[in-house]
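Please treat every number below as a calculation from the coordinates, not as lab data. What you see is a predicted model; the values in this text were computed from it and never measured. As a convention, Cβ positions derive from the backbone with ideal geometry for all residues, glycine included, and neighbour counts pool all protein chains shown.
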Amino acid sequence: MRPPGTTRDGERTGAEGPAAQEGHEPAAKEEGARDAPAAAVEPDASAAPSNGPATLPDGAGEEGVESATGSGGSPHPAEECAEPPVEGERAEPQVPAPQVPAPQVRTPPNMDVTDLDWQAIRRAVDPPAIRSRMKSVVERMEALLDQAGGPGLMFDAFRESADDRAILVPTLRNEAPLWFVGDLHGDLLALEAALAQVKSIPDEPSQRIVLLGDLFDDGGFGLEVVLRLFELILEAPARVVVICGNHDEALGFDGRSFTSVVDPSDFADFLNTNAAHEWIERTGKLAIRLFAQAPRALFLPDGLLVAHGGFPLEDLHAELTETGNWNDPACLQDFVWARAHPTTRRKMPNRFTKGSQFGHQDFAAFCNVASSLGRPVTHMVRGHDHVEDRYAVYPAYDHHPILTTVALSRRLERELFGPHARVPTIARYVEGSLPQVHRLHIPAEIVEEVYPKRPEGEGLDSGAQESGARESTRP
C-alpha cells in the first residue's frame, strides 16, 4: 500500500535489481523455528563467500541493490511491488515478524525547489578557492579535535561515553530546523545547493545539519567536499554532525600510505598520489580521525532512526537483548553497511561480506527489539543506496517506513542507466513523520558544466575520475 501522502514519484521503486533476482531460491526457515511454520527468509544475494581479494567491490554486497529502485530495473509502478509467492511454496499460514503497536507514521508531500540562485551556487563550486583555505582550515580542525572533551558536535553531549557510537537523543532541545544530507561522493555542486536551500528558510538562521556519510569516492571533488565539511564544523560545531558511511569508515592509513577496503576508492588513490603535499596528507589523516569518532546511528525521541545503511540484523538480536550493547562491533557494522531490499520480507544475514540486505519484516523485528531496550524505533532515514530518483519510500515498509535520500546531482560512473543530470535530495526533520524530501532542481546545463558527460564507452580509472572532474571545473 502507498504510505499516506507519498507521491507516485517517490514510489517508482518496484523493480527488483540483479541482487534481488538472485534471491529467488526456496525459502529457508528462520533459525530456532524449525517446529513451526515460519515466514519465508530469503537468502542474501551475496551469501556465497568470495574467492577474490579482501577489497569489497560496491557491486558485491555494497552497491548491488541500486538498480532495484530505478536505474537498471524495469520501470514497474509501485503498486506492483508486492512480493510474489515463492514457486512451490505450500499454502500454509505464515508467522509474521512480531510487532508492537506503533503510531501511523506520515509521509509528508515532497517539496520541489526550483528558485535558488543557481548561478551563485555554481560560483561556489570553486576548488582553487577552497584549496587556498586548506592550511588554515586543517590547523583549526586539528585543534578542535585535540581539545579536551572532544569537538562538541551536535548530539555529542548525549553520548553515554566517549566511545559511544550509537547515540540515544532523549530530546531535541533546540527548535532550529534539522536537515539530513545523504551520500555526496564528492558532489560539491550538490553540497553547495543543499547549503543554499538550508540557508534560504526565512527567519530560521540557526539550521542544523546531519550528513549521512559517504563524502568521497566515485570521482567528483572528494578533497573539497571534506574541506567544506571541516568549514561547516568550525563555523558552528553544535549544529553539525556527520554519520559515518561505509566509504568513510573504509578509509585508513597504515603508517606509509592511505588504504581503503571498498571499490571504488579513488579518494585514497588521490591522497597517495599527493602524499608529498603536506596539507592534503593532513586532510586525509584528519578525515580518518573524524570518522573514527563519528556516530554510526542516532535514535531520535520521536522514534526516528538515523544511520547510513541499516540496523543490527536478526542474528544479533538475542545477544543485543541480553547485553544491551549497541556499540558491539557487529551492530555498528550493520548501521553502516546493511542495505534495504525494497520488497522482500526477510533476508538471511550474510557475514561473508559487510553489505547484508534486510527486508521489511527484519526492520519490524528490529523495532521491537529496540523498543524493548528503551530505544523506541518506528521509522528510519538513511542513505547508502543510490536510487535513480535520489530518494525512495518503499511501499512494503508501510508499518515502519524508511526514507532513503542521497544528494547526488550526476550519474556516477558505476551507474549504468538513467540520465546524466539528476535531482539531488535532502530532507527536513518533521516530528512523528518521515523527514520531508526536498528535491533540488539544479539546471541540467550547470550539472553538465561541472560534471561533463563522457563519450559512450569511455571510462577513467578511479584516480583519473577525481582529477579529471576537478580540472574540468577550474575557473
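The table below gives the values:
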item	result
Exposure proxy order (Cβ contacts within 10 Å, fewest to most) of LYS453, LYS285	LYS453, LYS285
³J(HN,Hα), Karplus 6.51/-1.76/1.60, whole Hz, each residue of region 177-188, x for Gly, Pro	x, 10, 10, 10, 10, x, 3, 10, 6, x, 7, 5
Loop-resident sites, region 307-359, for GluC sites (Glu not before Pro), counting at most 12 other Cβ within 10 Å (DSSP)	none
Förster radius 60 Å - calculated FRET efficiency between GLU160 and ARG123, Cβ distance, rounded to 0.05	0.85
Residues whose placed amide H lies under 5 Å from that of THR259, excluding near-sequence neighbours	GLY252, PHE253, ASP254
Whichever lysines have a C-alpha closer than 17 Å to that of LYS135, once near sequence neighbours (fewer than 8 apart) are set aside	LYS285
Two-site label geometry, LEU416 and ALA236: point separation in nm, points 7 Å out along Cα→Cβ	4.4 nm
Reachable lysines, given that their alpha-carbon falls under 22 Å from the alpha-carbon of LYS453 and they are not under 8 places away in the same chain	none
For ARG439, residues with placed amide H under 5 Å, excluding near neighbours	MET111, ASP112, VAL113
Order of PHE299, PHE180 under a 10 Å beta carbon neighbour criterion, fewest first	PHE299, PHE180
Full-extension gain in nm, LEU172 to THR273, via 0.36 nm per residue minus C-alpha separation	32.0 nm
Scattering curve values for region 201-253, log₁₀ I(q)/I(0), Debye with Cα scatterers, q = 0.24 Å⁻¹	-1.01
Two-decimal Rg/Rh across region 248-299, once Rg and the Kirkwood Rh are taken from alpha-carbon atoms	1.01
Sparse-neighbour loop sites [chymotrypsin sites (Phe, Trp or Tyr not before Pro); region 363-424; at most 14 other C-beta within 10 Å; DSSP]	PHE417
Low-density loop positions, trypsin sites (Lys or Arg not before Pro), region 102-179 - DSSP coil, at most 12 other Cβ in 10 Å	ARG173
